[in-house]
Amino acid sequence: MSARAQHGAAPSPALIDSIEAFGRQYLGKPYRYNAKGAGPLDCSGFVSHIYGRHGVALPHSSGAIAAMTSQVDRDDVARGDLLFFKGRDAGRNRIGHVAMVVGVSPDGDVCMMHSCHRGIRYDTLSASDYYSKRFVKAGRIAPFRTAAPLTMLAAIADSTPAVDTITIIGVGDIMLGTNYPDAGYLPPNDGADLLAPVDSILRDADLTFGNLEGVLLDGEGHPKQCNDPASCYAFRSPERYAAHLKSAGFDVVSVANNHVGDFGQPGREATLRVLDTLGLHCAGMLSRPSVVFELDSVRYGFCAFAPNTGTIDLRDVEGARAIVAGLDSVVDIVIVSFHGGAEGKNHRRITRRNEEFLGENRGNPYAFARAVIDAGADIVFGHGPHITRAIDLYNDRFIAYSLGNFATYARFNLSGPNGVAPIARIRVDHEGRFIDGRLIPIKQEGEGGPVPDDERRAIREVIELTKADVPEAPIIIHDDGRVSRND
């Protein structure tokens, strides 16, 4: 049945909040005819881009979008609906412009967000004769349709997944070697063996996550400026190294961290391209704040945050809540990643306050994790301090405040607590509630690369820090790494 034949209800407010929040980051960007993607956008390119990132596949044509919507009376317009207008030539009976409804005032005036010749902006329908004279109709997307596999694979449905127990693995920072400032920082055998000691562990889950530090880039890019290139911590891994992640069992990675911009926009774009080509899902850049995908009949939503340029800001808690709520309205399990908190062995403790490092506000991991869980997150994986921190259980949802350095070859300090970390293997039910888990300790020696740690140092570290920092957490961490509820 066509969308026109089904006059469906308006999308959920949380989903529309998330779509609008995503679109808001483009305000002020220029209009460009027939443009799509994350750069300059025309009207239909903008609408299809912001809806597409939330599981709603729309064509890149205002007329084609209009054809797949059901008409809504002007007085019944709601947030999330679309407005359609004639083009520049008001005498032609042809749709040439589309805008998203973001609000309706008490007196009935409609606020819209759109890409026009003045750039991407907010306008009201009554503010200009130009739009009021060209208004054709309002339309509602009903039902939503599924987007392309490498962007958003969510089918908007209320069905529960076919499995009762879902196993999710999370690890911390990953940098498999860098050829900047020279190739001497690449691992032996071109990195093919670096993850072999733990790949059987990584594959023993329904979904495996890690934080990708740096970029995947074969070109030069635009290296960040450093006073001394020899001591410049800019990470550029060869594009072929992404295959090592895929073969080891990774399904999704965060690209929200302080190194994703090390080689400018060419590095960001190449990283997304390479990950997409391999089917490795990712999120965390301004051009991709979230992603939805399906694995074994379970729909996952993933988003990632950091306090760094070009990423989705960890410190914008309300913005993060909106993104999470939007995902929660369309998926079974929402996973949130954050790169935040102060760095190093002197910052093992969570403070429950904003943490600063090198003069930068790196957010409040404790408050952030609770805020996104309140908004609908089911698992929160933290990283960034480069050491292990406490774990937590809040509203039946699992939190790891920092999973430390997992696979960081060369250029990283791996001494003492920096060289040990846990692999967190968590089991949840089909609604994301924590069932139980296991912390699997690893260590990195020499130049780096994870191997199992028989001394279980990361487990002892997590036990100590959890007792000290979140003693109220209803969770028991056993000496062998088992994690159980303490109800």
Original post:
Looking at (1) part of a loop (DSSP other than H, G, I, E, B); (2) within 22 Å of GLY210 (Cα to Cα); (3) acidic (Asp, Glu), which is the only condition GLU461 fails?
Top reply: (1)
Original post:
Checking LYS133 against (1) over 31 Å from the mean Cα position of the chain (by Cα); (2) at pLDDT below 80, which test does it fail?
Top reply: (2)
**OP:** Could you look through segment 412-439, keep only residues that are out of contact with any Asp or Glu (no Cβ under 9 Å at 6 or more places or on another chain) and surrounded by fewer than 24 Cβ atoms within 10 Å (Cβ to Cβ), and pick out the one that is nearest to ILE335 (Cα to Cα)?
**Re:** ASP436
Original post:
Of the numbered conditions (1) more than 22 Å from ASN413 (Cβ to Cβ); (2) under 17 Å from the mean Cα position of the chain (by Cα), ALA367 satisfies every one except a single condition; which is it?
Top reply: (2)
Original post:
Quick one: which of LEU286, LEU272, LEU245, LEU280 is at pLDDT below 90 and either touching a Cys at 6+ places or on another chain (Cβ under 9 Å) or assigned by TED's automatic domain parsing to the domain that holds VAL331 (or both)?
Top reply: LEU286
**OP:** Kindly indicate whether any position in segment 62-76 is modelled with pLDDT under 85, part of a loop (DSSP other than H, G, I, E, B) and buried (at least 20 other Cβ atoms within 10 Å of the Cβ).
**Re:** yes
**OP:** Mind listing whichever residues of segment 77-102 are surrounded by fewer than 18 Cβ atoms within 10 Å (Cβ to Cβ) and closer than 21 Å to LYS29 by Cα?
**Re:** GLY87, ARG88
Original post:
Among the residues of segment 355-370, how many are of a type outside the set (A, V, I, L, M, F, W, C) and crowded, with 16+ Cβ neighbours inside 10 Å?
Top reply: 7
Subject >> Residue satisfying condition, being in a strand (DSSP E or B) and within 30 Å of GLU294 (Cα to Cα), within set VAL102, VAL56 >> reply: VAL102
Original post:
Within the group PRO223, PRO238, PRO266, which residue is closer than 18 Å to PRO187 by Cα, surrounded by fewer than 21 Cβ atoms within 10 Å (Cβ to Cβ) and in the same structural domain as VAL336 (by TED's automatic domain parsing)?
Top reply: PRO238
Subject >> Only listed residue being more than 23 Å from ARG389 (Cα to Cα) and of a type in the set (Gly, Ala, Ser), chosen from ALA196, ALA205 >> reply: ALA196
Original post:
Which members of segment 1-56 meet the condition of being modelled with pLDDT under 75 and within 22 Å of GLU269 (Cα to Cα)?
Top reply: TYR31, ARG32, TYR33, ASN34, ALA35, LYS36, GLY37, ALA38, GLY39, PRO40, GLY55
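Filter segment 370-428 down to residues that are in a loop (DSSP other than H, G, I, E, B) and among the aromatic types (Phe, Trp, Tyr) and give me whichever is nearest to the chain's Cα centre (by Cα).
In this case the residue turns out to be TYR401.
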Subject >> Scope segment 287-301; condition hydrophobic (A, V, I, L, M, F, W, C) and either in contact with a helix residue (DSSP H, G or I) (Cβ under 7 Å, 6 or more places away or on another chain) or closer than 21 Å to SER48 by Cβ (or both); matching residues >> reply: VAL291, VAL292, PHE293
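The values are calculated or read from the model by the stated rules, or taken from the named source; none is laboratory data. All of these numbers come straight from a predicted model, not from anything done at the bench. FYI the Cβ positions are ideal-geometry reconstructions off the backbone, even for glycines, and counts take in every protein chain you see.
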